[in-house]
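Each remark here refers to the structure printed beneath this line.
The values are calculated or read from the model by the stated rules, or taken from the named source; none is laboratory data. Small disclaimer: the values here were computed from a predicted structure and weren't measured. Cβ atoms come from the backbone with ideal geometry, glycine included; neighbour counts cover every protein chain shown.
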Amino acid sequence: MNVRLYNTLTGQKEPFEPADPDHARIYVCGPTVYDYAHLGHARCYVVYDVLVRHLRSDGIKVTYVRNITDVDDKILKRAAETGTEPTELATRFAAAYSEDMHRLGNLDPDIEPRVSTHLEDIFALVQRLIDGGHAYLADGDVYFSVESFPEYGKLSHRDLGKMKAGASDRLDGAQTARKRHPADFALWKKSEDDAWGWESPWGRGRPGWHIECSAMSMKHLGDTLDLHGGGLDLVFPHHENEIAQSEAATGKPFSRCWMHNGFVEVDKEKMSKSLGNFFTARDLFDRVEPEAIRYFMMTVHYRAPLNLDWNLDGAGNVTGFPQFEEAERRVAYLYKTKQRLEGLPPKRVVDSDAPTPTEIAGFSEALRESLDDDLNMPIALAKLAEFLKAVNELCDGAMRKKGKAPRSSVEQAKAGFRALEGELGLGAEPADVILLRIRDRRAKVSGLEASNIERRIAERTEARESKDFGEADRIRDELAALGVELLDGPEGTGWTMAD
Ligand SMILES: [Zn+2]
């Protein structure tokens, strides 16, 4: 393995070296399940999915743990607003989240721990911190004392002396007043008798957000992880606090590498609900293939911000997402190319010692090299574009009059598609299924129904059979004006939407 990754802890790109060279133990912070996955989540989990796929393609075992935060004050608040029971709300959104991740082509993590089933582990870790003098009780709450951990701030490169409370600490004014230092954070929060909570050694309450990730990651992966990942917004305070809790408890480094992906932005601001520039993955699934969203997320380096753009009509309604539509055209091209390759007639494929174009023969290696270099997905997509062009040229050659394709080139091209699926999770669906779906959705977006188009095609076929070529041409022109292109073939007339 020759993977180099940017490590937030050291501020450098460096070789990724798991403690056991054959087994990488990876933890990624999962979602707080009080709403649908948005495009920021989609980006984050596509990035780590590609990382896991790439390491596995390199032949090493990966244990991928991604948690679900199903106990949190945001869930409590949303449940109260909607008149739902918090556990029920969390269960419902966890299921929706899992469905969305599958549609985006993300593999399931090996372990998906939930806070609600790890309270004993959280109790044990909090107790250990109290016993070690790193945490203190205050009126039913338990706080971590940042001054007890001299290295506090080493991930986010902040100076404790200048630090105020972390913005994501989610505490009210009374809780803030109980803290010894403004940057101290809650490990356990008191719940009133009738409120959502669990009985603990410190009374009824619920865990703080940060402690859950330390408890769950160390339970499943050991005291020192090989890599801990998440969005850039988690560096401080969440990951800083995870380091403090874990290292104060064990005395060992918590993670060898820290990886963070950039935001999805709109006009250089982070996409967020409060700014009204917020789209869920589901908003987009109605408009484009989930695989196009996946593809688009790879067009920008994972550490850079990804700027989102859309079109509005005069009334301010969203009419389109040009970036996703472009990504869908590229995904369709990928599948059309795959379909052509798989559909080459056997008599056109011959044994030959003609050399295979390097864009095909070297594609798997080119993919590996680009991902080895800090998961450079834009370069991987550039290599993919060269590969697809070369595969199309191979097919063009085979389909020319008396044309042939060398068997070794065809086999290497097929191997290239397998590498693509393994490394990037692209091209995994049956081509005919996804291409039909893309076509029908595009027709619908243009205000056309597939059944109406097919009825007009049948009428054109009838006109041609009765030699009324004037009428047949009129129907063809009418459909062309609507963006529908007809494809006459030996098995009848198909259709496609023009790009
Ligand atoms: Zn976390």
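Taken over the stretch 310-333, the criterion of being among the hydroxyl-bearing types (S, T, Y) and under 24 Å from the mean Cα position of the chain (by Cα) is satisfied by Y333 alone.
Answer yes or no as to whether I26 is of a type in the set (A, V, I, L, M) and either more than 16 Å from the ligand (Cβ to nearest atom) or within 15 Å of the chain's Cα centre (by Cα) (or both). Answer is no for this residue.
Within the stretch 352-378, being assigned to a helix (DSSP H, G or I) and surrounded by fewer than 16 Cβ atoms within 10 Å (Cβ to Cβ) holds for T358, E365, E369, P378.
Kindly indicate the residue of the stretch 238-268 that is closer than 21 Å to Y48 by Cα and modelled with pLDDT under 95 and also surrounded by the most Cβ atoms within 10 Å (Cβ to Cβ) among those meeting that condition. Going through the qualifying residues, I end up with V264.
Annotation note: of V46, V71, V50, the sole residue that is among the β-branched types (V, I, T), in a loop (DSSP other than H, G, I, E, B) and buried (at least 21 other Cβ atoms within 10 Å of the Cβ) is V71. Only one of the listed residues (A472, A419, A463) is aliphatic (A, V, I, L, M), modelled with pLDDT of 95 or more and in the same structural domain as A354 (by TED's automatic domain parsing). That residue is A419. In the stretch 1-12, the residues that are part of a strand (DSSP E or B) reach residues that are of a type in the set (K, R) with C-beta atoms within less than 9 angstrom, at least six apart or across chains, in these pairs: R4/K13; L5/K13; Y6/K13; Y6/R303; N7/K13; N7/R256. Is it the case, given these coordinates, that A79 is of a type in the set (G, A, S) and either crowded, with 17+ Cβ neighbours inside 10 Å or part of a loop (DSSP other than H, G, I, E, B) (or both)? Yes.
Listed here are the strands (runs of 3 or more DSSP E) enclosed by the stretch 170-268 that have at least 2 residues being of a type in the set (G, A, S) and away from the ligand (no atom under 16 Å from the Cβ): 203-207.
Selection of the stretch 484-499 for residues being within 33 Å of the chain's Cα centre (by Cα) and exposed (fewer than 15 other Cβ atoms within 10 Å of the Cβ) yields A498, D499. Note on the stretch 211-226: residues that are under 15 Å from N7 (Cα atoms) and crowded, with 24+ Cβ neighbours inside 10 Å total 1. Scanning the stretch 300-325 for residues that are in a helix (DSSP H, G or I) and crowded, with 16+ Cβ neighbours inside 10 Å gives Q323, F324, E325.
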